[in-house]
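Have a look at the structure below before the remarks.
What follows draws every value from the coordinates through simple rules; no lab data is involved. No experiment lies behind these values; they were computed from the predicted model shown. Note that each Cβ is placed from the backbone with ideal geometry, even for glycine, and that neighbours are counted across all protein chains shown.
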Amino acid sequence: MTKTVYTLTIDGRDVAGTQGQTIMDVAEENGIDIPGLCHLPGIHDRGACRLCVVEIAGSPKLAAACVTQIAEGMAVTAHSETLQEYRRAATEMIFLERNHVCSVCVANNHCELQGLADDLQLTHFELPRIMPKVDIDASHKLFAIDHNRCILCLRCVRVCDEIEGAHTWDVMHRGLETRVQTDMGIPWGESPTCTSCGKCVQVCPTGALFEKGRPVASGSKTRRPFLPWLRVRQEERGL
Amino acid sequence: MSKPRVATVWLDGCSGCHMSLIDMDERLLDIFERADLVYGPLVDIKEFPEDVDVCLVEGAVSSEEDLHRIRQVRERTKVLVAFGDCAVTSNVPGMRNPIGVAPLMDRAYRENVTLNPQVPTQWVPALLPTSEPINRVVPVDIFLPGCPPHADLIYTLLDDLLSGRTPAVAGARFGR
């Protein structure tokens, strides 16, 4: 099967991709860095975090690069002062929705949210904080979830369903009450579907999901070369 | 011409930012050749003075006393720097915010005490309902996040301010 090749520009650079690819895919292939917290190569995109928003010439709306397919002749602006402002505002709101305390977080120095604030030179917050009282579920023997640090990227939900095939993780409630949950809200440690594979912990961009017994700022969990490979294997097998 | 007047203030923080300040080592001599240290935990002066040029404020605003002090600092200071994560975000002191003051005091002074449990009401300032970043209380001119901010960043900031340059706090980040 042949696929149509499209040519387009990103930040004025001539690039090419095949039909069905997203702006994010083509940017990644060409070494153009577009930030994203919910995007992760190897699992399907959902366009939730809005950090990958880009401008497309002729369109009045911003588009999320991870869920917008390329088209012939498209002119994409991925970096501008206005876009950085939007990204800074989105990052600030993600910080303020839960209780992120970098200095005492298990993911300190290995956190994608903290790194993003650094990249965007977000040095303080102007908006009021929500400061919700949320739980920690440490009932699983190996792992724990601290909802204080959860940004609802839902990488855990997607990797558990699409790669591990267990679908232990899902989402409950709405709006500010939204939480990721294990098996209809029962404690993680009592989950009959969880295989304890740890993929959710590996893909979590913050310190929300972590391995028990690890001290503050204890180590990176960003090495996950298996993911895109598993996705390709699944597609080959028609899953 | 008299030297610029620099002050430092310690609100609800662990003093780690002040430790990082001291960690400038011999560069302290350079800074205080060019400026006078007129107030701070390292200076034996009780009242925050008038006409301060630069004030580094460590810590969140957590008590009635912190609130009084930060307002006075703001009135008497030209350039107010939120110095470190507690001052910038309320950081660890702010972790009590979702709990509330009454359950917090009960936990600290009643539940875990076997002899004569009582909440202190004298000689210590009352806690505010929540612990707040400085910019939620008074305007802040410069934010220097970090837990603590690295001594190099503190030096660069003070060097820029004392040289009349607009400080670029590049490299400062939450946590460490």
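Taking amide hydrogens as placed 1.01 Å from N in the peptide plane, the amide H of B:Asp12 sits under 5 Å from those of B:Ala60, B:Ser62, each at least 5 positions away in sequence or on another chain.
For the range A:106-130 and the range B:98-139, what is the separation of their C-alpha centers, rounded to whole Å? Distance between centres, Cα-based: 28 Å. Shown in residue order for the range A:187-196 are the 3J(HN,Hα) couplings computed by the Karplus curve 6.51 cos²θ - 1.76 cosθ + 1.60 at θ = phi - 60°: x, 3, x, 9, 5, x, 9, 5, 9, 6 Hz (x for Gly and Pro).
The spacing between the range A:1-48 and the range A:137-182, judged by their C-alpha centroids, is 27 Å.
For the protein assembly as shown, give me the percentage of DSSP beta bridges that are antiparallel, rounded to the nearest 5 percent. Taking every DSSP beta bridge with both residues in the protein assembly as shown, the antiparallel ones total about 55 percent. List the residues whose amide H sits under 5 Å from the amide H of A:Val53, counting only those 5 or more places along or on another chain, with H placed 1.01 Å from N in the peptide plane. Under 5 Å from the amide H of A:Val53 lie the amide H atoms of A:Ala65, each far enough along the sequence or on another chain. Ordered by the count of other Cβ atoms within 10 Å of each Cβ, fewest first, A:Met172, A:Met74, A:Met184 give A:Met184, A:Met172, A:Met74.
The ranking of A:Lys199, A:Lys133 by Cβ neighbour count inside 10 Å, starting from the fewest, reads A:Lys133, A:Lys199. Run down the lysines and flag those whose C-alpha is under 17 Å from the C-alpha of A:Lys212, throwing out any fewer than 8 positions away in its chain. Partners within reach: A:Lys141, A:Lys199, A:Lys221. Computing FRET efficiency as 1/(1 + (r/R0)^6) for A:Glu211 and B:Met95, where r is the C-beta to C-beta distance and R0 is 30 Å, gives about 0.85.
Centre-to-centre, using Cα atoms only, the range A:67-96 and the range B:1-75 are separated by 40 Å. Annotation: amide H of A:Thr18 within the under-5 Å range of A:Tyr6, sequence separation 5 or more or interchain, hydrogens built in the peptide plane.
Working from label points 7 Å from Cα in the Cα-to-Cβ sense, the A:Gln84 to A:Leu127 distance is 2.1 nm. Helical runs (DSSP H, four residues minimum) scored at -39500 (n - 2.57) apiece and divided by the length of the protein assembly as shown put the mean residue ellipticity at 222 nm at -7000 deg cm²/dmol.
Computed from backbone phi with θ = phi - 60° and the Karplus coefficients 6.51, -1.76 and 1.60, the 3J(HN,Hα) list for the range B:114-126 is 9, 10, 6, x, 7, 8, x, 10, 10, 6, 10, x, 5 Hz; x is used for glycine and proline.
Loop sites by DSSP among the GluC sites (Glu not before Pro) of chain A, restricted to those with at most 14 other Cβ atoms within 10 angstrom, leave A:127-239 as the longest stretch without any of them. Put a dot 7 Å past the Cα of A:Met172, heading toward its Cβ, do the same for B:Leu42, and the two dots end up 5.2 nm apart. Listed values for the range B:131-138 are Karplus-derived 3J(HN,Hα) couplings in whole Hz (6.51 cos²θ - 1.76 cosθ + 1.60, θ = phi - 60°), namely 8, 10, x, 4, 6, 7, 10, 9, and x replaces Gly and Pro.
Put in order of Cβ neighbour count within 10 Å, fewest first, the listed residues B:Val137, A:Val26 become B:Val137, A:Val26. For the protein assembly as shown, a/c is not less than 1.5, where a ≥ b ≥ c are the root eigenvalues of the C-alpha gyration tensor, and a/b does not top b/c. That puts it in the oblate class.
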